[in-house]
1. Which one, TRP260, PHE112, VAL205, projects farthest toward the positive side of the charge dipole computed for the chain from Cβ point charges (K/R +1, D/E -1)?
2. If you roll a 1.4 Å probe over the heavy atoms of the protein chains, what accessible area per residue do you get for the chain, in Å²?
3. Find the relative contact order for region 122-207 and round it to a whole percent, using C-alpha pairs within less than 8 Å whose residues are 6+ positions apart.
4. Report the longest stretch of the chain that contains none of the GluC sites (Glu not before Pro) sitting in a DSSP loop with at most 16 other Cβ atoms within 10 Å.
5. So, R0 is 45 Å and r is the distance between the beta-carbons of HIS256 and ARG12; what FRET efficiency does that work out to, to 0.05?
6. Figure the gain on full extension for THR81 and ALA131 (residue separation times 0.36 nm, minus the Cα-Cα span) and round it to one decimal in nm.
7. State the percentage of accessible surface on the chain attributable to carbon and sulfur atoms; use a 1.4 Å probe and exclude ligands, DNA and RNA.
8. How far, in degrees from 0 to 90, does helix 69-79 lean away from the longest principal axis of the Cα atoms of the chain, to the nearest 10?
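The values are calculated or read from the model by the stated rules, or taken from the named source; none is laboratory data. Everything numeric in this text was worked out from a predicted model, so none of it was measured. Cβ: placed from backbone, ideal geometry, glycine included. Neighbour counts: every protein chain shown. With ligands, DNA and RNA removed, areas are computed over all heavy atoms of the protein, side chains included. Shrake-Rupley method; radii C 1.70, N 1.55, O 1.52, S 1.80 Å.
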Amino acid sequence: MLTLFAIPKPFRGQSDLIQRNAVASWTRITPRPEVLLFGDEEGTAEVARELGVRHAPEVARNELGTPRLDDLFARAERIATTPLLAYVNADIILSDEFPAAVARAQAALNRFLMVGQRWDLEVDAPIDFNAADWQSTLAGRAHRANALQPPTCIDYFAFTRGFAEGTLPLAIGRRAWDNYLVWRAYSRGFAVVDATRVVTAVHQVHDYSHHPGGTRGVWHGPEAQRNFEMIGGWWHRYTIEDSTHILTPAGIGRSHRHPWVMAKRLWSHPLTVFTWPWQTVRRALGA
């Protein structure tokens, strides 16, 4: 039913431990999804062979070597053998909750993008996936750490086929590329499902030494600025709060947060009223 795909960083140092934990967790999910690792970074091919997942070394990159969103998602849709796909950051540990949530979204909606908040957790050792209770143990640790991140942090995107067509060539892992995907789903009539209440996505805390500029380079460097400009600025920086639906243990229901979120954005950027067509403003507010 489901293909999980990612484009890992080089498997060295802290990233080696974190990414092995993440990808291994995906292979232990029931029902097991198809797993597809993109890129030719150090260790990717070897880990793919070791864990018995698919490897696709080719992906388009920008002039600085950063993977491009448009090509990665388009390739994933071409290569995947399943009707549903999910991009997942390669530091996210998932459990059986994830495919169950995707299946519930599919049962209720024709076209959707499923996202959710993450739980940050310090992980400094390999996860023992042979332990029968590894999922509940890890979820318990995450909940006790109580580090649920805000709706601006989006680390997975599960979607129906056709979503990837025509996406922008944004730099993955830099500012605003994830917010753009939520806006794009909303603007194209896809239901945007918030699965935070039913999926404990565990984000293994890490540094940003993979980027020459560190944290500032990732979020404020030239690629980040270009992403921001390409998506059309703050107006298209949607978050999980812009979801049209919320998935809960009791079912799936409509969310009405989006107009209020847009009103807050307008309040923070009042000149928008003079620089954007009023019809666009009304549509964004749900009027």
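1. Sorting the options by dipole projection puts first TRP260.
2. Working: 12920 Å² over 287 residues.
Here the residues of the chain average 45 Å² of exposed surface.
3. Numbers: 20 pairs, mean separation 34.4, N = 86.
After rounding, I find 40 percent.
4. On the way: sites that count: GLU42, GLU58, GLU63, GLU122, GLU165.
Longest stretch, sites excluded: 166-287.
5. On the way: r = 46 Å, r/R0 = 1.02.
Given R0 = 45 Å and the Cβ-Cβ separation, E is 0.45.
6. On the way: separation 50, 0.36 × 50 = 18.00 nm, distance 3.02 nm.
Between THR81 and ALA131, full extension yields 15.0 nm more.
7. Details: 6860 of 12920 Å².
Reported share for carbon and sulfur atoms: 53 percent.
8. So the helix axis and the longest Cα principal axis differ by about 60 degrees.
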